[in-house]
Amino acid sequence: MTQWQGEARIRTVGRWGVLELTGEIDIAAVPETEALLARLMALGKPVVVVDLRAVTFFDGAVLGVLSRARTELLATGRGFEVLCVRPWALKVIRMAGLLEVFRPAASLTDLAGLDGTRHGSVRA
């Protein structure tokens, strides 16, 4: 396995905890991505946002990590959002059957008008 070729940053913006990922993220990045998501989720923000806009590659293993985090967050009444704009990335998410599950947004501004139920039992 190769070393992860990317960077990550955790930040908070209002009610969101944001994990910004950059570079190439594949199966080699799974342990670190899981640890970063755990740190972010531990902050207790009502909505966790994973920002994939600066990612140049990701694979199905990473989508599995995101899907598990989403399931855990929804089970505790919290929200999960994905920021993604690159056509190739949206295609990968769609091919994995997760486009309607993740419903990626283009920016935090696009999420600002949501009432927090977008990924809960009631959809906005």
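Quick notes on this structure:
- Selection status of Thr76, closer than 21 Å to Arg15 by Cα, without any contact (Cβ under 8 Å) to a residue 12 or more places away in the chain, over 13 Å from the mean Cα position of the chain (by Cα) and surrounded by fewer than 17 Cβ atoms within 10 Å (Cβ to Cβ): yes
- Looking across segment 1-26 at every residue that is surrounded by 17 or more Cβ atoms within 10 Å (Cβ to Cβ) and of a type in the set (Val, Ile, Thr), the one that is modelled with the highest pLDDT is identified as Val18.
- Residue within segment 43-59 that is out of contact with any helix residue (DSSP H, G or I) (no Cβ under 8 Å at 6 or more places or on another chain) and in a helix (DSSP H, G or I) present: no
- Scanning segment 88-107 for residues that are touching a Lys or Arg at 6+ places or on another chain (Cβ under 8 Å) and aromatic (Phe, Trp, Tyr) gives a single hit, Phe102.
- Residue among Ala28, Ala8 that alone is touching a Phe, Trp or Tyr at 6+ places or on another chain (Cβ under 6 Å) and more than 16 Å from Glu81 (Cα to Cα): Ala28
- All positions within segment 31-43 that are over 23 Å from Arg86 (Cα atoms) and crowded, with 18+ Cβ neighbours inside 10 Å: Leu40, Met41
- Single residue of Leu90, Leu74 found to be part of a helix (DSSP H, G or I), more than 18 Å from Val30 (Cβ to Cβ) and in contact with a Cys (Cβ under 9 Å, 6 or more places away or on another chain): Leu90
The values are calculated or read from the model by the stated rules, or taken from the named source; none is laboratory data. Here the structure is a predicted model, which is why all the values come from computation and not from measurement. As a convention, Cβ positions derive from the backbone with ideal geometry for all residues, glycine included, and neighbour counts pool all protein chains shown.
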